[in-house]
Amino acid sequence: MGEFPDFPTAAVVTTEAACGIPVELKEISYRRGAAVWKAAGPEGAVAVKAGDGEGAAVTQREAAVLEAIGWPGYLLASGGDEGGAWLVTPWFAGPSTWQAFTPVRGAADGKEGALVASVDLCRAVAALHSSGWIHADLQPSHGIHTDHGVRLIDCSWSWRTGTEPAAGFRGGLTHLVAPELATSIEAGLQPVTPSLDADVYALAGTLWTCLTGRWPLDYAAAGIEPDRLTPAELRAHIAGRRVPLDTAAPWPAFQDILRPVLLGRASDRPTAAELAEALAKVAG
């Protein structure tokens, strides 16, 4: 982690214009050379990301993706120099998909809300796919459920079909990487190309994790301690399908929709829109 870096001076003008003065900063995360703040003031709140070194490349790539996707009002400003890069987006108010499932994981009555969140997330991913884009890093915290719909965040690895994939892509979060994508990565094929099928796998894995509080693959059943393995070693197990699906079943009807997505062949997976429709029919 290291010491949290200084707030980027170049982002101050945009931040004050969006939030008003005074601005209060809250440190959110600092990983792999990229820091995120929540900046809030009397007129609103924004998210500010700044990176240096490896983090600068990630931040620059995300700014370029957001500009290319063109979501209205999403990318407020970005910039950078040899010392680093930064970007400013609105602070999206609402729970993440992980947070939307909190009552269900706690055995409280929350299935109806979790179903709505699941369908909304799938439809947001479907809309992204229909525009020719693949998120490529779907995770439980990367969908924010606002009053105006789901906002997808952390798009630094997102890719538009027909263009050159980003160098260095390793399938997103290792625990949610599709087996066929893990196979390509471990075979040394470069650049690694995201796919709609792999995105749907990560989408199903995300929902499984949000429900159970566990990764979809049962490492313990395979005699694996994931914290002791490198991402490459984990991907080798995933590529060989040597790790069974988790057997926890707190909501069988919901998981029966996800299970074939996670166990079947890539070509047999539904689209994100089809997954949304299937989940919409599950009884809360």
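Of all residues in the stretch 172-191, those satisfying the criterion of being in a loop (DSSP other than H, G, I, E, B) and farther than 18 Å from residue 267 by Cα are 172, 173, 187, 188, 189, 190, 191. Within the stretch 66-84, at least one residue is outside any strand (DSSP E or B), closer than 23 Å to residue 203 by Cβ and either polar (S, T, N, Q) or touching a helix residue (DSSP H, G or I) at 6+ places or on another chain (Cβ under 7 Å) (or both). Residues of the stretch 227-244 that are crowded, with 16+ Cβ neighbours inside 10 Å, out of contact with any helix residue (DSSP H, G or I) (no Cβ under 6 Å at 6 or more places or on another chain) and either closer than 17 Å to residue 265 by Cβ or at pLDDT below 95 (or both): none at all. Restricting 12, 48, 58 to those that are within 18 Å of the chain's Cα centre (by Cα) and part of a helix (DSSP H, G or I) reduces the list to 58.
Selection of first residues in the stretch 162-176 that are within 21 Å of residue 139 (Cβ to Cβ) and of second residues that are surrounded by 15 or more Cβ atoms within 10 Å (Cβ to Cβ) and of a type in the set (S, T, N, Q), restricted to Cβ pairs under 7 Å at least 6 apart or on distinct chains, gives the following pairs, ordered by first then second residue: 165/193; 173/139; 176/139; 176/206. In the stretch 17-41, of all residues being among the small types (Gly, Ala, Ser) and free of Cβ contacts under 8 Å to residues at least 24 places away in the same chain, the one that is surrounded by the most Cβ atoms within 10 Å (Cβ to Cβ) corresponds to 17. Would it be correct to say that residue 172 is modelled with pLDDT under 95 and open to solvent by 30 Å² or more (accessible area, probe 1.4 Å)? Taking the combined requirement at face value, the residue does not satisfy it. Among residues of the stretch 65-77 that are under 19 Å from residue 162 (Cβ atoms) and in contact (Cβ under 8 Å) with a residue 60 or more places away in the chain, those with a Cβ under 7 angstrom from a residue that is surrounded by 18 or more Cβ atoms within 10 Å (Cβ to Cβ) and among the polar types (S, T, N, Q), sequence gap 6+ or separate chain, pair up as 65/156; 65/158.
Which count do you get for residues in the stretch 228-270 that are part of a loop (DSSP other than H, G, I, E, B) and out of contact with any His (no Cβ under 7 Å at 6 or more places or on another chain)?
16
Here residue 116 passes the criteria (1) over 21 Å from residue 64 (Cα atoms); (2) in a loop (DSSP other than H, G, I, E, B) except the one numbered (2).
The values are calculated or read from the model by the stated rules, or taken from the named source; none is laboratory data. Everything numeric here is computed off the predicted structure, so don't read it as measured data. Note: ideal-geometry Cβ built from the backbone for every residue, glycine included; neighbour counts use all protein chains shown. We work out accessible area using only protein heavy atoms, side chains counted, and drop any ligands, DNA or RNA first. Shrake-Rupley method; radii C 1.70, N 1.55, O 1.52, S 1.80 Å.
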